Amino acid sequence: MAGFTRAELESFRDGSVPDLIGDEPQLLFVGINPGLWTVATQTHFCHPSNRFYPALQRAGLIEWEVDSTRGMTDVQREAFVGSGMGITNLVSRATARASELTPSELVEGGERLTRLVGELHPPVVAVAGVTAYRTAFSVPKARLGPQLDLGLGTTVWAVPNPSGLNAHETIDSLALWYGKAATQAGLL
C-alpha cells in the first residue's frame with residue numbers, strides 16, 4: 001500500500017478539508033477534526049485504519065470503497081452527497097491526534113456547528129466522538145445515542161468515532177450506530 005512519509009504528513013498539519021455537504025443533507029456526520037492523512041487526500045475520515053467508510057458500507061449507506069491512499073473520487077463525492085449525507089468537522093484544523101485540540105477549540109467548533117445546522121436544517125446530525133461532543137456542547141455526562149435538544153432544531157446523535165485509535169469499536173458496531181442515525185434520518 002502506498003502512503004505518505006511522516007515528513008509529508010507533517011506538512012499538512014494545521015491544514016483543512018472542505019465540508020462535503022449538499023444543499024439539503026438529511027444526515028450530517030461530524031468528525032472531531034481532520035487528521036493529517038485526511039488533509040493529504042482531501043477526504044474526510046480517510047486513513048488506512050479509519051473504519052468510517054467500511055462501516056457505512058456494512059450499514060448499507062454506500063456501495064463503494066474509498067481508496068485510503070487516494071481518497072474519494074469526484075463520482076463518489078457526488079454519490080455521497082446525492083444520497084442525502086454530508087460531512088463536516090467540529091474543528092477544521094488538522095492534527096495527528098484529536099487530543100492535540102484545546103477544549104476552547106472544541107467549544108468554538110460546537111458554536112460553529114450550531115450555526116451551520118441552523119443554516120442547513122438537516123433532520124439528523126451524528127457527532128462521531130462522544131468525548132469531543134461532551135466538551136463541545138458542555139454535556140459532561142453525555143453517552144452514545146440520541147441527545148437532549150441543544151437548540152439545534154434537529155435530532156443530534158453522539159456516535160462512536162471510527163478512528164483506528166478507538167479500539168472499543170468494530171466495523172459492525174460502528175455500522176449499527178451509523179445505521180440507527182441513518183434510519184432516523186430516513187436514509188435506511
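Laboratory data are not the source of any read-out in this text; all were calculated from the coordinates shown. Note that the coordinates shown come from a computational prediction; the quantities given were computed from them, not determined experimentally. Every residue, glycine as well, gets a Cβ built from its backbone with ideal geometry; the counts of neighbours run over all protein chains shown.
Span-like helices, the chain: DSSP H, alpha-carbon axial extent 15 Å or more, mean Kyte-Doolittle -0.5 or greater, which ones?
Details: long enough: 103-120 (25 Å, -0.21); 171-184 (20 Å, 0.18).
Once both thresholds are applied, what remains is 103-120, 171-184.
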Write down the percent of antiparallel bridges among all DSSP beta bridges whose residues are both part of the chain, to the nearest 5.
20
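Full extension from Thr102 to Ser11: what is 0.36 nm times the residue separation minus their Cα-Cα distance, to one decimal in nm? Write down the numbers at each step before the final one.
Numbers: separation 91, 0.36 × 91 = 32.76 nm, distance 2.07 nm.
The span from Thr102 to Ser11 would gain 30.7 nm if fully extended.
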Using a Gaussian network model of the chain with C-alpha springs under 10 Å, which one of Ser49, Ser92, Ser83 is most mobile by mean-square fluctuation?
Ser49
Go through 151-162, 13-24 and give me the packing order, highest mean Cβ count within 10 Å leading.
151-162, 13-24
Extension gain, His168 back to Arg112 (0.36 nm per residue minus Cα-Cα distance, nm)
17.3 nm
Binning at 10 angstrom from zero up to the longest distance, how are the C-alpha pair distances of the chain distributed in percent?
10, 40, 39, 10, 0
If amide H atoms are built 1.01 Å from N in the plane of the peptide, which residues on other chains or at least 5 residues away come under 5 Å of the amide H of Phe45?
Gly35
The chain: longest segment with zero exposed GluC sites (Glu not before Pro), where exposed means DSSP loop plus at most 15 other C-beta atoms within 10 Å, is residues 66-188
Would you tally the net charge around Gly118, using a Cβ to Cβ cut-off of less than 12 Å, leaving Gly118 out, and scoring K and R as +1, D and E as -1?
0
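Divide by every residue of the chain the summed helix terms, -39500 (n - 2.57) for each DSSP H run of at least 4, and state the resulting mean residue ellipticity at 222 nm, rounded to the nearest 500 deg cm²/dmol.
Working: 7 runs with 67 residues, N = 188.
Taken over the chain, the calculation gives -10500 deg cm²/dmol.
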